[in-house]
Amino acid sequence: MWLRLAALAACAFVPAIYAQERAPSQTLTLQQAIERVAETHPDLRLVDGSRAVLQANYDSASLKPPLTLGATVENALGTGAYRAFDQTEVTVTLAGVLERGGKLDARRAVAQANIDKLAPQREVVRLDLLAETARRYLAVTAAIRQRDIADLDIEQRRRTVDAAKRRLAAGASPESVVLTAQAALAEAELDRDRAGQAEAAARQALSSLWNSRVPAHGAVTGDPMELPKLEDFASLSGMLERTPELAQLAGDARIREAQVRLARSDATPDIQWQVGGRAFRSGNDVGVLAGFSIPLGSTRRAQAGIRAAEAELALTNVERESLLVGMNAALATAYGDYSTAQLEVGRIRSDVLPRLAKAEAAADRAWRAGAISYMEWALLQDQRVQARRRQLDAALSAQSSLIEVQRLLGQPIVQAQDATNTEISSQ
């Protein structure tokens with residue numbers, strides 16, 4: 001099951017996992033990050049450690065009522081005829097309780113149901129951790145891509161500064177144009193440095209998941225621009241029936257069913273018994289005694305507990321319906337966000353960026369020829385950079401939505417052949 005969940009988190013940032021086989025040894029793949037988190041994160045150890053507690057509870061519930069050894073001294077240290085020890089009577093008894101109504105089995109059923117619930121609970125915790133690992137891994141990749149965009153902006157801004165200086169030397173442009181171009185270059189360099197700081201912070205946030213104070217190092221793999229096509233929403237919604245959250249709720253239902261059985265067993269009274277012997281000092285005689293008792297009104301007293309347990313069990317269906325409605329709404333939101341962002345990424349790639357690239361190249365030639373002003377050229381350069389950033393933001397939003405979709409479903413929904421391999425290097 002852990003391998004299935006690891007595959008889920010790996011697929012959550014789709015292209016990353018498929019680039020691992022060809023990645024160099026100095027890379028940090030998503031699978032490696034997942035393995036480190038699985039080995040060290042305390043939340044997983046907390047869940048695993050709960051098994052010992054629940055097993056101890058089961059052992060305790062399996063115990064039968066204890067036997068009671070008692071002793072009674074009568075007619076001692078009295079007055080008159082009972083002043084002497086000759087009248088003393090000593091009674092030794094052994095008492096116990098004979099449980100009826102299946103109380104022992106009912107207690108065991110409750111304890112076992114709590115143990116069985118641990119498995120889906122562990123799945124939910126691991127799934128949340130894997131999704132968080134994928135998000136932080138994606139943040140590292142996002143910072144690198146933002147730095148790449150800044151590098152492209154710096155490159156074109158430097159060409160602008162060089163061209164402005166040549167025009168200034170030729171007397172074709174004022175000094176203000178050079179200063180403006182240099183300011184734009186400085187802003188682009190600031191964006192690059194800010195992206196570098198964001199990458200360092202994202203790497204530290206990622207490594208903190210495996211309790212490391214050293215930022216995660218190495219190149220990361222995957223291209224967030226590659227967005228696979230998902231199945232239709234109806235098919236994905238049908239997968240919600242097999243989620244770990246519903247399995248956890250099913251575990252709660254089994255616990256409540258066992259509690260109903262335990263409450264009903266209280267309606268059957270237990271038999272309290274005792275046997276013993278009595279010694280008479282006056283004649284050195286010994287007698288045997290035995291007795292039993294049954295509490296009255298057990299059925300009436302148990303009714304309130306039975307009704308409470310049955311009412312709590314009846315809530316399970318309502319809770320399940322409520323959980324499904326909430327999960328379906330969250331899935332619809334994430335699915336819609338992914339589809340919208342996927343459309344935006346594709347349209348910017350096919351329609352916006354090629355046209356802006358041609359327009360920027362034409363503006364470059366026109367400005368050098370003196371046909372347009374510097375502001376017109378700079379505006380086109382800025383539009384091209386902003387379009388790339390918008391495309392990246394949309395891709396990151398889509399990847400985040402994909403992570404959420406697969407976290408909700410609890411299973412990978414992307415096939416390997418739908419993705420392409422791209423490596424993003426880290427400096």
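Per residue, the chain reaches -23000 deg cm²/dmol at 222 nm when only DSSP H runs of four or more residues are counted, each adding -39500 (n - 2.57).
Rounded to the nearest Hz, the phi-derived 3J(HN,Hα) couplings of region 253-267 under the Karplus curve 6.51 cos²θ - 1.76 cosθ + 1.60 (θ = phi - 60°) are 5, 5, 5, 5, 4, 5, 5, 4, 4, 5, 5, 5, 5, 5, 5, where x marks glycine and proline. Between the residues Ala371, Gln381, Thr340, the greatest Cα displacement towards the positive end of the dipole of region 328-385, with unit charges on the Cβ of Lys, Arg, Asp and Glu, is found for Ala371. Working note: Cα atoms of region 208-362, range along each principal axis, descending, whole Å: 127, 42, 19.
Considering all projection directions equally, how large on average is the shadow of the alpha-carbon convex hull of region 326-420, in square nanometres? Seen from a random direction, the Cα hull of region 326-420 projects 7.5 nm² on average. Compared with the dominant Cα axis of the chain, that is its longest principal axis, helix 298-347 is turned about 10°.
Counting only Cα atoms, the size of region 273-331 along its three principal axes is 87, 24, 11 Å, in decreasing order.
Taking label positions 7 Å along the Cα-Cβ direction at both Ser373 and Asp351, the computed distance is 3.0 nm, reported to one decimal. Between Thr333 and Ala366, the C-beta separation translates, for a Förster distance of 45 Å, into a calculated FRET efficiency of about 0.45. Among Met375, Met239, sorting on how many other beta-carbon atoms sit within 10 Å of each Cβ, with the fewest leading, yields Met375, Met239. Rounded, prolate or oblate: which fits region 201-286, taking a ≥ b ≥ c as square roots of the Cα gyration tensor eigenvalues, rounded meaning a/c under 1.5, else prolate when a/b beats b/c? Note, shape of region 201-286 comes out oblate.
If R0 is taken as 60 Å, the Cβ-Cβ distance between Ala183 and Gln32 corresponds to a FRET efficiency of 0.90.
Protection proxy ranking of 292-299, 348-355, by the mean of other Cβ atoms within 10 Å over each peptide's residues and highest first, is 348-355, 292-299. Work from the charge dipole of the chain (Cβ charges, +1 for Lys and Arg, -1 for Asp and Glu, about the Cα centre) and give the residue of Gly218, Ala134, Ala279 farthest towards its positive end. Farthest along the dipole direction, towards plus: Gly218.
Rounded to the nearest 20 debye, the dipole magnitude of the chain is 180 debye, with +1 charges on Lys and Arg beta carbons, -1 on Asp and Glu beta carbons, and the Cα centre as origin. For the chain, the direction-averaged projected area of the alpha-carbon convex hull comes to 34.4 nm². Modelled this way, with points 7 Å down the Cα-to-C-beta line, the labels at Ala200 and Asn284 are 9.8 nm from one another. Legend: calculated FRET efficiency, Arg100 to Ala71, from the Cβ-Cβ distance at R0 = 30 Å, rounded to 0.05, equals 0.60. Per residue, the average separation of C-alpha pairs within less than 8 Å and at least 6 apart gives the chain a relative contact order of 27 percent.
Summarised in one figure, the compactness ratio Rg/Rh of region 41-190, Cα atoms and Kirkwood Rh, is 1.71.
Read-outs throughout are calculated quantities, based only on the coordinates presented, and are distinct from any laboratory measurement. Model, not experiment: these values are computed from the prediction. Here the Cβ is made from the backbone with ideal geometry for all residues, glycine too, and neighbour counts use every protein chain on show.
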